[in-house]
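Worksheet for the structure shown next.
The values are calculated or read from the model by the stated rules, or taken from the named source; none is laboratory data. The model shown is predicted, which means the values in this text are computed figures rather than measured ones. Positions of Cβ are backbone-derived with ideal geometry, glycine not excepted, and every protein chain shown enters the neighbour counts. Surface areas here come from the heavy atoms of the whole protein model, side chains and all, with no ligands, DNA or RNA. Shrake-Rupley method; radii C 1.70, N 1.55, O 1.52, S 1.80 Å.
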Amino acid sequence: MKALEVIRAALADAAARLGAPACAVELERPRDPAHGDVATNLALTLAKSLKQKPRAVAERLVATLQLPQGLVRKVEIAGPGFINFVLAEAQLASVLESVLAAGDGYGKGDRGRGTRVNVEFVSANPTGPLHVGHGRGAALGDAIASLLEWTGHAVEREFYVNDAGVQVDKLARSLWARVQQAVGRRADIPEGGYQGDYLVELAHTVLEREGRRFADLAEEEGVRRCRAIGVESQRREQDEDLREFGVRFDVTFSESQLYRDMLIEQTLADLAARGCTYEQDGALWLRTTAFGDDKDRVLRKSDGTFTYLLPDIAYHRHKHERGFTRAIDVWGADHHGYVARMRAAMQALGYPADFFHAEIVQLVRVMRGGEEVRFSKRTGEFVTLRDLYQETGVDAARYFFLMRRGDSQFVFDVDLAKSQTEENPVFYVQMAHARMSGIFRVAGREPSAVSPEGVDLGALDQPEELALLKELADFPDLVAGAAAALEPHRITGYLENLARIAHAWYHKFRVLGEPEEAARLVLAAAVRQVLANGLHLLGIGAPDRM
RNA sequence: GCGCCCGUAGCUCAGGUGGAUAGAGCAGCAGCCUUCUAAGCUGUUGGUCGGAGGUUCGAAUCCUCCCGGGCGCACCA
């Protein structure tokens, strides 16, 4: 809405003429409609530097303020010194033109132009099926990436595969044991190995494909083959899940590539050249305490092997070399202890403090039939992501993962996600979209064919209609704020609010056959568009009928 | 013991980076269908924002301490 920028500029100008130091003018939309359409706390923030009471500053600001005709209907000073603006009706309705002209692009901005951001998420070990926690990370990472795209950043979605560590070794030995069991031999799953039934099935598949002689291979050869087969198989399963869940990655990066391309050695050399490493007790240490970590960290153990940290540093160094200005990682809460050392390592390499950002996502608990569904990766009993989205549908699962802050502990209520009533927020929002679509279906018109041109939008004067106009006008700023904070849940909250007003409006007023039909069709088309944009931004469908 | 996150209505959670009388959904209570989807709408009950200090014109929001919950504190990954 351009009116906001005009007001902002006028306020800045007035402040300057009062001799105030330059500062950002904050505009907000008051919660209470009695406080106008736009408000600013400028007088309160300037009071101190001008050495005057906030209300006195407000009065001088208003007296000095120069606004073009026809923009604002009323300016008031209220409370401790807020300046409230009531916009002219024509200004409110102008948002409809913006929405319909921009269409699918309404809400997009370009604050991030010129910035390349890497968003890494899920990055599950290739050792088993994705579980519900990965689902939360997938939904969140994908939505964060979309938010950044909507604000003009160039984004790459990336999945990191730990295919070189001890976990895949355990996978290989577990699978080998299952192969032995499948041909009737005694074999134990190794300590800390993978107990899940999926490896029993995979063992049978392997024997069918390779023949029973596969089980007679020498152990080391068998384990080696099992490693490749296991990783390949689990990666394929995970990709299938993610694809069905609506998540697509631009890049899959393997840990083994770090070794192949000598990136580990280069990273070590870099860190050493910057004077950030030292040897002690036969190990090589990184001086992370110089950058805010609690203690220094080992990079190369005294037995000559590397810790997990070093390949991770090398990986993130590689992201920097690829030209990203920011690297955002979505990590499970069980990794939050790594944030400080990784951030320190990035600074040790000389990167800006804001290059690396870890977004921590808390674990998910699943509730069904009023009881918590327990899961444990160790025993192989767990709720897989696939089970979940097959039961609730992808839209509901994604929405539920996104409707809470990532750092809040979250209980996924399966029964609620499946319910097709107003209690279920995703249904509620989609229903609002379907209802708007229904109007056009009955009218026999395409929503996209609706234009505000020549329509008397002044007919939209009911409280629900004015509330909808303001809500629609908020969307671009909301997206920008959600992107800056990396908080997709702001979008779901907004959608529920918009849907609620839309339902109330729909219920209270008819569109077709009324004198206000033309104007209300424009409003319905715009509401439908913004609901769809918000849902699509989160990777959720916007059905025309339910 | 140390670090990070969290604590807001009976329940699940918002609270837009310090603003106006703390909000929504669910649950509860009372109502609403000759209509473009009642798969919905309207009204209403409900609060010491975990506690105590502090910062300032102003604090759920910032700082300190305490209480309670989760997670993490390896030459594991």
task = For chain A, give the share of DSSP beta bridges that are antiparallel, in percent and rounded to the nearest 5; count only bridges with both residues there.
result = 50 percent
ask   = Once the dipole of segment A:44-173 is set up with Lys and Arg at +1 and Asp and Glu at -1 on Cβ about the Cα centre, which of A:ALA63, A:HIS153, A:LEU87 lies farthest towards its positive end?
value = A:ALA63
query = Taking the inverse of the average 1/r across all pairs of different Cα atoms in chain A, what Kirkwood radius in Å do you get?
reply = 27.0 Å
Per residue solvent-accessible surface (Å²) - segment A:166-244, probe of 1.4 Å = 56 Å²
query = Among A:120-128, A:86-94, what's the highest-first ranking by average C-beta atoms within 10 angstrom per residue?
reply = A:120-128, A:86-94
ask   = Dipole size in debye (nearest 20) for chain A around its Cα centre, Lys and Arg Cβ +1, Asp and Glu Cβ -1?
value = 860 debye
inquiry  = Please report the carbon-and-sulfur percent of the accessible area for chain A; probe 1.4 Å, protein heavy atoms only, DNA, RNA and ligands left out.
reply    = 47 percent
ask   = How long is the gain from A:TYR308 to A:LYS48 if the chain were fully straight, where each residue apart is worth 0.36 nm and the alpha carbon distance is subtracted?
value = 88.4 nm
key: Above-threshold pairs, the threshold being 26 Å between Cα atoms, out of A:LYS53/A:LYS74; A:LYS170/A:LYS301; A:LYS2/A:LYS108; A:LYS170/A:LYS319; A:LYS108/A:LYS470   = A:LYS170/A:LYS319
key: Relative contact order computed over segment A:166-244 (Cα-Cα under 8 Å; 6+ residues apart), in percent   = 37 percent
ask   = So what is the relative contact order of chain A, in percent, for Cα pairs below 8 Å that sit 6 or more residues apart?
value = 16 percent
ask   = In debye to the nearest 20, how big a dipole does segment A:486-546 give about its Cα centre with +1 on each Lys and Arg Cβ and -1 on each Asp and Glu Cβ?
value = 100 debye
ask   = Between the DSSP loop rule and a limit of at most 13 other Cβ atoms within 10 Å, which trypsin sites (Lys or Arg not before Pro) in segment A:172-252 are left?
value = A:ARG185, A:ARG186, A:ARG248
task = For segment A:270-404, take the alpha-carbon Rg, divide it by the Kirkwood Rh, and send me Rg/Rh.
result = 1.10
key: 17 Å Cα-Cα reach of A:LYS51 towards lysines, excluding residues that sit fewer than 8 places from it in its own chain   = none
request  = Please go through segment A:29-138 and write out the trypsin sites (Lys or Arg not before Pro) that DSSP classes as loop and that have at most 10 other C-beta atoms within 10 Å.
outcome  = A:ARG31, A:LYS51, A:ARG113
note = Over chain A, the sum of -39500 (n - 2.57) across DSSP H runs of at least four, divided by residue number and rounded to 500 deg cm²/dmol, gives at 222 nm -16000 deg cm²/dmol
ask   = Relative contact order of segment A:2-87: what whole-number percent is it, with Cα pairs under 8 angstrom and at least 6 residues apart?
value = 30 percent
key: Residues of segment A:82-154: accessible area per residue with a 1.4 Å probe, Å²   = 30 Å²
message = Based on alpha-carbon centroids, what's the gap between segment A:63-96 and segment A:135-174 in Å, whole number please?
response = 46 Å
ask   = If you place +1 on the Cβ of every Lys and Arg, -1 on the Cβ of every Asp and Glu, and leave all else neutral, what size is the dipole of segment A:1-91 about its Cα centre, to the nearest 20 Debye?
value = 320 debye
query = Just the accessible area per residue of segment A:18-81, please: how many Å² with a 1.4 Å probe?
reply = 61 Å²
request  = Enter the Cα centre distance for the pair segment A:281-339 and segment A:517-544, rounded to the nearest angstrom.
outcome  = 45 Å
